[in-house]
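Worksheet for the structure shown next.
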Amino acid sequence: MKIQKLFQIINFFDNSRWSSISNYNLINFYDRNISYDSKLLTHWICYITDRQTGFERIWNVGGFIFSELVNDIKSSRNINILNPDFQDSYIKKDGDGFTFKSKSKLQHNSILENYNFKSDDLVLFKSRYYPSDYLSVFYTLVFLEKYDFNLTKFIVDFYYKYKEEGNFIKLLLFGMSLITYSEIGQPKKEIINDFHKNYNNASKRKVHLFDLINNRKKFISKFELFSKDSIFKQKRAWCSLRDFLKSPEFSNYFKNSLIEENFNDIDFFFNSALLYQLELPGDVWNNNQIFRKCILSGTKYIDNKDPLNKLLRNIYDENSIPLGYPEQFDITFDFVPRMCEKNNCEICPIGKLNGRGESFEKVCIKNPNKFCPVLLTSCGYKTMCTDDKCNLINAAITDNTT
């Protein structure tokens, strides 16, 4: 079936994506020696600010500040470090607005020097939607006070409450999205001035969320409503949780953080079956019309108008997919700009699947001493060629059945 082969091709790309640390962006931590959980929480906060801002700036500049903020609040336990009137706050007035500001100078951080910061500068970062981003960061940290500002402790606590549920990862995503994104709205920048009001609101919200998460019947009921549509609109939350489970870097931090919490069921989180529950983070790349039309061509789904992440979940559930799962289509972030946007159908393995891709073999040279040129061309991934053991070769053949 074409659908099965499509998932097989995407599975090949996605496995290659995560096979090497060189294929994705690292966070510029202010100190590489901060705790494993601090790195996880920094990652979660970086994704909070990941809206219409260059992702390199988020990881390189924002990551420096947020990692220091997280490390500081764990040691000081002082929520005032997000009070703009507090001398040592990480949020400062900037003209008629606010900006996140480090306490540490960048010293010899060559990454930050590329952003024109000097060695004795403090680092500044203003996210595009900072009023709501600030509240999301603030509300998250207030919620995590009970867990010593430790995200892993929350995840472990959630595990003991809901580990028996067959859709655990989806439930965890719902819980994590609640602690960060519920009741945020679209605040005005002036709201940041009233720290005490914000803290009172965050404290009341925390009590409400604790009650909800601890009430299994009510929580499951809320989740069922969430899962019908809202679950497909949690791009940033899905990206971050996905990295905890799949990224060679962050899955290692997650494992070690679980060990530090004396958690004894680590294999639970790294069972490949859990990955099938991950939803594709919906974005402009996987909803690109050229890509969408190509992958759905010749199938009964061609006229479906649902967002692709929601449609892929339906396709996955309706078909016997032996290899691959919906979230793996996130490779479109790398694939679409290089292939679809440049009309490279003649060298594309999916084009080959559709009866096009007539020059695919000119790229696939089957040389195990070289990087796979198909991956380099289509996604920029550096992975060694596996010659006749390649799953892509078996998948990229003409098959127009649905």
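The values are calculated or read from the model by the stated rules, or taken from the named source; none is laboratory data. Quick caveat, the model's predicted, so the values are computed rather than measured. Glycine gets a Cβ as well: all are built from the backbone with ideal geometry, and neighbour counts include every protein chain shown.
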Helices (runs of 4 or more DSSP H) contained in segment 294-402 and holding at least 1 residues more than 23 Å from residue 276 (Cβ to Cβ): 332-338, 349-353, 360-363, 373-378, 391-395
Sole residue being out of contact with any Lys or Arg (no Cβ under 8 Å at 6 or more places or on another chain), among the small types (Gly, Ala, Ser) and assigned by TED's automatic domain parsing to the domain that holds residue 178, chosen from 35, 75: 75
Candidates 118, 126, filtered to the one that is modelled with pLDDT under 95, closer than 20 Å to residue 184 by Cβ and not acidic (Asp, Glu): 126
Only listed residue being out of contact with any strand residue (DSSP E or B) (no Cβ under 8 Å at 6 or more places or on another chain), among the aliphatic types (A, V, I, L, M), in the same structural domain as residue 33 (by TED's automatic domain parsing) and touching a residue at least 24 places away in the same chain (Cβ under 8 Å), chosen from 258, 225, 173: 173
Condition check for residue 10: in the same structural domain as residue 373 (by TED's automatic domain parsing), crowded, with 20+ Cβ neighbours inside 10 Å and modelled with pLDDT of 95 or more: yes
Qualifying residue in segment 48-59 (condition: within 25 Å of residue 146 (Cα to Cα) and assigned by TED's automatic domain parsing to the domain that holds residue 125): yes
Residue within segment 298-312 that is out of contact with any Lys or Arg (no Cβ under 8 Å at 6 or more places or on another chain), farther than 29 Å from residue 242 by Cα and free of Cβ contacts under 8 Å to residues at least 24 places away in the same chain present: yes
Residue, nearest to residue 29 (Cα to Cα), within segment 96-132, restricted to residues that are assigned to a helix (DSSP H, G or I) and in contact with a strand residue (DSSP E or B) (Cβ under 9 Å, 6 or more places away or on another chain): 112
Residue 247 being surrounded by 14 or more Cβ atoms within 10 Å (Cβ to Cβ) and not hydrophobic (A, V, I, L, M, F, W, C): yes
Selection count, segment 38-91, where residues are at pLDDT 95 or above, among the charged types (D, E, K, R) and not in a helix (DSSP H, G or I): 1
Odd one out for residue 263 among (1) among the aromatic types (Phe, Trp, Tyr); (2) in a loop (DSSP other than H, G, I, E, B); (3) within 16 Å of the chain's Cα centre (by Cα); (4) over 30 Å from residue 321 (Cα atoms): (3)
Tally, over segment 143-202, of residues that are surrounded by 13 or more Cβ atoms within 10 Å (Cβ to Cβ), among the acidic types (Asp, Glu) and in a helix (DSSP H, G or I): 2
Residue under evaluation residue 292, criteria (1) in contact with a Ser or Thr (Cβ under 7 Å, 6 or more places away or on another chain); (2) in the same structural domain as residue 6 (by TED's automatic domain parsing), criterion not met: (1)
Candidates 109, 78 - the one that is surrounded by fewer than 17 Cβ atoms within 10 Å (Cβ to Cβ) and farther than 30 Å from residue 386 by Cβ: 78
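Per-residue answers, yes or no, for (1) surrounded by 15 or more Cβ atoms within 10 Å (Cβ to Cβ); (2) at pLDDT 95 or above; (3) assigned by TED's automatic domain parsing to the domain that holds residue 6:
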| site | (1), (2), (3) |
| --- | --- |
| 312 | yes, yes, yes |
| 351 | yes, no, yes |
| 372 | yes, no, yes |
| 385 | yes, no, yes |
| 400 | no, no, no |
